[in-house]
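Have a look at the structure below, then the notes.
The values are calculated or read from the model by the stated rules, or taken from the named source; none is laboratory data. In this text the structure is predicted, and so the values were computed from the model without any measurement. Methodologically, a virtual Cβ is constructed for each residue, glycine included, from the backbone with ideal geometry; neighbour enumeration extends over all protein chains shown. For accessibility, only protein heavy atoms count, side chains too; no ligands or nucleic acids. Shrake-Rupley method; radii C 1.70, N 1.55, O 1.52, S 1.80 Å.
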Amino acid sequence: MKYYDKLIFELSRQGRVGYTLPRNNWEKSADEIPAMLCRSVEAELPQVSELDVVRHYTNLSNMNFGVDTGFYPLGSCTMKYNPKINEEIAAMACFRDIHPLQPDCSVQGVLEVYDGLCRSLEAITGMAKFTLNPFAGAHGELTGLMVIRRYHELRGDDKRTKVIVPDSAHGTNPASAAVCGLNVVEVKSTADGCIDIDALRPLLDDTVAGIMMTNPNTLGLFETRIREIADMVHACGGLLYYDGANFNPLLGKVRPGDMGFDVLHLNLHKTFSTPHGGGGPGSGPVGVAKHLANCLPDMRVEHGDDGMLHCVSHPDATGQISGFMGNFGVILRAYAYILMLGKENIKLAGRLATLNANYVKESLKDCYKLPIEKVCKHEFVFDGLADKSTGVTTLDVAKRLLDYGFHAPTIYFPLLFHQAIMIEPTETESKETIDAFIEVMQRIAGEAIEMPDELHTAPHTTPVRRLDETTAAKHPVITYAELRLCNQPT
Ligand SMILES: *Cc1c(COP(=O)(O)O)cnc(C)c1O
């Protein structure tokens, strides 16, 4: 923020004008507006010149941090790089200008994209059939759990109301199970970050609908005993649900279908490169094994006897979970991304995500406490600084990173460690960027010893300084009038 932005926060000046509408030569039209719809007082709009408006919005956009402006160690979970060609394809008139109520015969190309993406995801995950209808990861979880419930229901197995969720799970897992009307039971992790099989065993009985797992889990660790867990859960009649929101590390390498999972969701807006900053739009496709295919929700895209693709419903389906056929723009971007990489290169995405995460972890483990010494997948977790003697916390480190031009990583999650810093560099960052990040993290560890006060008060160079996070969340200043009060020069 420039110094004088604060001096002239109020841009409006009486009588200043940016653009004047042409004079209305049709006097009569004013009378045609019913009196009740006419303004009695002038609209209270800022009175500004065109240049004021241009500078205002350009300056605001410069205050924003995005994946197009800098490195995000938050990874695919929040934002990874999205190739621009996806945007061009999604904006093509042949896709953009269609209507969801058009007859199937007039949108065959669009249904082909839908069907093609389903085929690709089936090949990548080893599942038998997909629906692309859910609008987000959590919506996919709810859909997948409804499919599981429907499966048990169709078999007349109505005692199954329990869903097992590990303590390291993403918060949406227990929430989705609860929304689906199922009872959530937590299973603990062992000290090395994986599911405690001895704690799982006593939970398995004939009331288990399923278990929800993430593999690699939230600590970025691969659950190596997954086949054993799958056999145990299946033996009691339960199903395995896979949270594939962050599927990067396994792309083209390992398939949940082969690990024994029955149902999964993916986040196209994480793994498959759709921007999802600002809360949307998203897409959470759900894939199922063969024995659950009939339970997927309506509508589905299927080949008809007439050689065309059609949207059809199925008698065993789990009803309809979205208005039409999902977020088509996101579906299109994901399909473009997969086809652009192709079968060989998509494998590279997972390997590079894993290599980059391990490189950062090994480079920083002398300065930051690494609670679990294992090869990680796409992400890993530190438990704060190695030397905590000066009282510098994970929050201080995250805020100091902003001064150096990096976005902060996820902090204080997962809850397994008090000072958690979760780092995910993703596959798209260059070695130079990753080295710069490592250097800054090392420098901050040094500053924590030499000038801890500087870190307690960071950031120092951002448009707004350290916020009271609770007040910022609960009582955000979002209107112009409130902001004007906060910005009075002092
Ligand atoms: C992001 C995420 C979700 C939820 O996805 P939304 O699209 O935000 O609803 C679920 N599980 C994991 C592991 C995630 O990272």
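Let's see how each residue does on (1) in a helix (DSSP H, G or I); (2) in contact with a Ser or Thr (Cβ under 8 Å, 6 or more places away or on another chain); (3) over 16 Å from THR394 (Cα atoms):
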position: LEU415; (1), (2), (3): no, no, no
position: HIS418; (1), (2), (3): no, no, no
position: MET422; (1), (2), (3): no, yes, no
position: THR426; (1), (2), (3): no, yes, yes
position: GLU429; (1), (2), (3): no, no, yes
position: ALA436; (1), (2), (3): yes, no, yes
position: VAL440; (1), (2), (3): yes, no, no
position: GLY446; (1), (2), (3): yes, no, no
position: ILE449; (1), (2), (3): yes, yes, no
What are the residues in the range 123-147 that are small (Gly, Ala, Ser), within 13 Å of the ligand (Cβ to nearest atom) and in a loop (DSSP other than H, G, I, E, B), if any?
-> ALA136
Which of the residues belonging to the range 64-85 are open to solvent by 40 Å² or more (accessible area, probe 1.4 Å), in a helix (DSSP H, G or I) and at pLDDT below 85?
-> CYS77
Only unsatisfied item for THR161, checking (1) within 16 Å of the ligand (Cβ to nearest atom); (2) polar (S, T, N, Q); (3) open to solvent by 40 Å² or more (accessible area, probe 1.4 Å), is (1)
Subset of the range 227-244 (residues that are closer than 29 Å to LEU355 by Cβ, open to solvent by less than 10 Å² (accessible area, probe 1.4 Å) and more than 16 Å from the ligand (Cβ to nearest atom)) | ILE229, ALA230
Residue tally, condition in contact with a helix residue (DSSP H, G or I) (Cβ under 7 Å, 6 or more places away or on another chain) and away from the ligand (no atom under 16 Å from the Cβ), over the range 165-196 = 4
Criterion (at pLDDT 90 or above and either closer than 28 Å to VAL375 by Cα or surrounded by fewer than 20 Cβ atoms within 10 Å (Cβ to Cβ) (or both)) met by exactly one of ALA209, ALA199 | ALA199
Assuming SER283 fulfils every condition listed in (1) over 25 Å from the mean Cα position of the chain (by Cα); (2) open to solvent by less than 10 Å² (accessible area, probe 1.4 Å); (3) polar (S, T, N, Q) apart from one, which condition is it?
-> (1)
Out of the residues in the range 286-308 that are among the aliphatic types (A, V, I, L, M) and open to solvent by 10 Å² or more (accessible area, probe 1.4 Å), state the one that is farthest from the ligand (Cβ to nearest atom).
-> MET308
Inter-residue pairs, beta-carbon under 9 Å, first under 10 Å from LEU332 (Cβ atoms) and in the range 75-92, second exposed (fewer than 15 other Cβ atoms within 10 Å of the Cβ), 6+ apart = ASN86/MET340; ALA90/ARG96
